[in-house]
Ligand code: HEC
């Protein structure tokens, strides 16, 4: 590998590591969150956050009314009424990533 490519690869890797170690949302966590959303949440909350099931929160319309990250975390982990609990199915990181994705929908 020539030196230029190696340097570029190293620079890219350190950006990835900065994102991975950060408590702030990064590109990668939002992408991971979207994957989780499409797999587990989309059937009720709809493709672009427009609810597909009556009563499921419309993340597009309710964007400003959504709770804090902590409230959403609790809702996802423990469930609320028609909202199933994802405790044991999703790790804390996965829940956090999906919340970051929800905040990008609107
Ligand atoms: C079986 C259908 C269903 C699935 C699957 C589902 N939800 Fe929900 N969700 C609901 C319903 C219904 C509500 C409204 C609960 C209530 O307040 O009565 C809700 C509420 C929520 C809330 C609370 C929103 C607010 O108003 O503060 C969050 C956050 C949420 N869902 C996230 C998710 C995420 C993330 C996933 C995927 C990991 C998911 N949901 C999967 C049906 C679902």
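Odds and ends about this structure:
- You will find that of 85, 56, 52, the residue that is assigned to a loop (DSSP other than H, G, I, E, B), modelled with pLDDT of 90 or more and touching a helix residue (DSSP H, G or I) at 6+ places or on another chain (Cβ under 9 Å) is 85 and no other.
- The stretch 81-91 - residue that is free of Cβ contacts under 8 Å to residues at least 12 places away in the same chain and more than 6 Å from the ligand (Cβ to nearest atom) and, of those, nearest to residue 53 (Cα to Cα): 85
- Of everything in the stretch 1-27 that is under 13 Å from residue 99 (Cα atoms) and surrounded by 13 or more Cβ atoms within 10 Å (Cβ to Cβ), the residue that is modelled with the highest pLDDT is 26.
- Selection from the stretch 64-80 of residues that are in contact with a helix residue (DSSP H, G or I) (Cβ under 9 Å, 6 or more places away or on another chain), within 6 Å of the ligand (Cβ to nearest atom) and within 18 Å of residue 100 (Cα to Cα): 66, 67, 72, 76
The values are calculated or read from the model by the stated rules, or taken from the named source; none is laboratory data. If you're wondering where the values come from, they're calculated on a predicted model, not measured in any experiment. Every residue, glycine among them, receives a Cβ derived from its backbone with ideal geometry; neighbour counts consider all protein chains shown.
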